[in-house]
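Encoded as structure tokens, the structure appears first; notes follow it.
The values are calculated or read from the model by the stated rules, or taken from the named source; none is laboratory data. Keep in mind that what you see is a predicted model, and the values were worked out from it rather than measured. A quick note on method: Cβ atoms are made from the backbone with ideal geometry, for glycine too, and the neighbour counts reach across all protein chains shown.
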Amino acid sequence: MEIYDNDLNAEVIGFGALNVDKLYSVDKIVSYDEESFITSETDTPGGSAANTIVGLARLGCSTSIIGKIAEDEDGDLIEYNLAVNGVYSNNLIYSQNGSTGKCIGFVDKNGERCLYISPGVNDDIKIGEINPLNIMRCKIMHYTSFVGDSFNTQIELLEKFSKETLLSFDPGMLYVEKGFDALMPILERTDILLINESELRLLCDNDYADLKELTIGLLDLGIGTVVVKQGSKGVFAINNSEECFVEAYKCDAVDTTGAGDSFNSGFLYSFLKGYDLEKSCQIGNWVASKAIQGFGMDKFPTAKELEEFF
């Protein structure tokens, strides 16, 4: 029988796929019937929720993550990475069969990338494997995407956590492609939507309206805060009392794979601190600018670095 430690109360709990990012630096990202070459390769623990949760832990927040790993080398790497970064392991689920999830990524000289997901045991999380006592007192639950059936478990879990818990949701393109109706059970419970511009336009099926028009429609749905990430341009954010556009910090990008996830960690950290919308976006942009200067989570900043900068 699994033992749960209910004394490990995390401020933020992530729920998403746990992957090892197998990243290949390439001369260029090719299209159909083209060729390029690999200049280096590295394995780093990743997954969108894990990236954000580790980022928050480095900034001094207490964190945990709901996710499944297999008993293999990739699973050991993920578990070790969470432990050394101070992420509570009480919500990890261990599978005796199958393989830990993988993300095969190709990163070019400008830090741009393309990704291929091999979900492994990520897609086999059942509601009975999650102890509701471990999640009752978190301040923020942060959802990210799965490839397969664990999406349904996320929907089931909505009824299990406290009404006082805020839901942060970064759907990613995998979920946006499911369509508005499929995501509605999560969107109706979402307090903070973290989405990039391409995903937002696909979700709303509108390539031409300005961002404010699209985001106001989501506020009308009941979402408290909508944050639209625009890559190197910056970020637009809006709630019922504020709106802002904050430019990105200039930096030398090495790997943009976790840019949005690291932004999320800075933004959610700021939200917990009670900062206003503009400052939250500034801190999110700064955290992202630091993170993309290395591979994986190597350059995710610490609370001390943040304090020194701001």
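Contact annotation: residue pairs with Cβ atoms under 9 Å, 6 or more positions apart or on different chains, pairing a residue in segment 56-67 that is farther than 19 Å from residue 291 by Cα with a partner that is acidic (Asp, Glu), are 62/11; 66/129. Among the residues of segment 15-51, those that are within 30 Å of residue 137 (Cβ to Cβ) and assigned to a strand (DSSP E or B) comprise 15, 19, 45, 46.
Quick grid of which residues meet (1) at pLDDT 95 or above; (2) buried (at least 20 other Cβ atoms within 10 Å of the Cβ); (3) of a type in the set (Phe, Trp, Tyr):
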site: 87; (1), (2), (3): yes, yes, no
site: 109; (1), (2), (3): no, no, no
site: 127; (1), (2), (3): yes, no, no
site: 131; (1), (2), (3): no, no, no
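The set of residues in segment 37-55 that are in contact (Cβ under 8 Å) with a residue 12 or more places away in the chain and over 30 Å from residue 271 (Cα atoms) comprises 38, 39, 40, 41, 42, 43.
Considering 113, 58, the condition of being basic (Lys, Arg) and at pLDDT below 90 is satisfied by 113 alone. Scanning segment 52-90 for residues that are aliphatic (A, V, I, L, M) and part of a strand (DSSP E or B) returns 65, 66, 69, 70. Give segment 236-279 a look and list any residue that's in contact (Cβ under 8 Å) with a residue 24 or more places away in the chain, over 19 Å from residue 300 (Cα atoms) and not in a helix (DSSP H, G or I), or say none. Correct list: 236, 237, 238, 239, 242, 243, 244, 246, 247, 276. Residue 122 meets the stated requirement of being outside any loop (DSSP other than H, G, I, E, B) and closer than 30 Å to residue 36 by Cβ. Filtering segment 280-310 to residues that are closer than 20 Å to residue 196 by Cα, part of a helix (DSSP H, G or I) and not aromatic (Phe, Trp, Tyr) leaves 280, 281, 282, 283, 284, 285, 287, 288, 289, 290, 291.
Please state which of the following conditions residue 223 fails to meet, knowing it meets all the rest: (1) in a strand (DSSP E or B); (2) hydrophobic (A, V, I, L, M, F, W, C); (3) closer than 24 Å to residue 158 by Cβ. Failing condition for residue 223: (1).
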